[in-house]
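The values are calculated or read from the model by the stated rules, or taken from the named source; none is laboratory data. Since the structure is predicted, the reported quantities are computational estimates derived from the model, not experimental observations. FYI the Cβ positions are ideal-geometry reconstructions off the backbone, even for glycines, and counts take in every protein chain you see.
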Amino acid sequence: MPQIRFRLELDRAEVMRYYRGSARRVRVLAEDGRVVDFDARLLRMMIRDGGINGRFEIEVDEQGRFRNLRQLG
């Protein structure tokens with residue numbers, strides 16, 4: 001399955017905007033240069049006390065539909 005890797009750093013205040021639903025989409029720059037837009041609800045499982053910080057990978061199927069999101073390393 002194709003993967004999209006990116007780094008994301010959101011402090012607690014930014015994360016709360018997504019968590020409460022006032023921001024619904026997240027746009028990131030992937031490591032390969034693509035701009036990727038995805039539903040902010042996917043990040044809920046990645047929230048920590050200080051926010052979200054790290055390198056992530058989204059797996060998509062051959063049609064580009066979301067399959068999985070995981071934090072790397």
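Residue check: is GLY54 in a strand (DSSP E or B) and small (Gly, Ala, Ser)?
Values: in a strand (DSSP E or B): yes; small (Gly, Ala, Ser): yes.
Yes, satisfied.
Filter region 1-60 down to the residues that are among the aromatic types (Phe, Trp, Tyr) and in contact with an Asp or Glu (Cβ under 7 Å, 6 or more places away or on another chain) and list them by number.
Hit for region 1-60 is PHE6, nothing else.
Kindly provide the set of residues from region 43-73 that are hydrophobic (A, V, I, L, M, F, W, C), modelled with pLDDT of 90 or more and closer than 23 Å to ARG20 by Cβ, ordered by number.
Result: ILE52, PHE56, ILE58, PHE66, LEU69.
Check ASN68 against each of (1) out of contact with any Gly (no Cβ under 9 Å at 6 or more places or on another chain); (2) surrounded by fewer than 13 Cβ atoms within 10 Å (Cβ to Cβ); (3) touching a residue at least 24 places away in the same chain (Cβ under 8 Å) and name the one condition it does not meet.
(3)
Has region 15-30 got any residue that is surrounded by 11 or more Cβ atoms within 10 Å (Cβ to Cβ) and free of Cβ contacts under 8 Å to residues at least 12 places away in the same chain?
yes
I'd like the full set of residues that are assigned to a strand (DSSP E or B) and either at pLDDT 95 or above or under 12 Å from ILE4 (Cβ atoms) (or both), limited to region 28-42.
Answer for region 28-42, where residues must be assigned to a strand (DSSP E or B) and either at pLDDT 95 or above or under 12 Å from ILE4 (Cβ atoms) (or both): VAL28, LEU29, ALA30, VAL35, VAL36, ASP37, PHE38.
If the requirement is being more than 10 Å from the chain's Cα centre (by Cα) and either of a type outside the set (Ser, Thr, Tyr) or part of a loop (DSSP other than H, G, I, E, B) (or both), which of these qualifies: GLN71, GLN63?
Within the list GLN71, GLN63, the selection yields GLN63.
Among the numbered criteria (1) surrounded by 14 or more Cβ atoms within 10 Å (Cβ to Cβ); (2) at pLDDT 95 or above, which single criterion is violated by ARG7?
Among (1) surrounded by 14 or more Cβ atoms within 10 Å (Cβ to Cβ); (2) at pLDDT 95 or above, ARG7 violates only (1).
If we scan region 3-18, do we find a residue that is hydroxyl-bearing (Ser, Thr, Tyr) and assigned to a helix (DSSP H, G or I)?
Yes, region 3-18 contains a residue that is hydroxyl-bearing (Ser, Thr, Tyr) and assigned to a helix (DSSP H, G or I).
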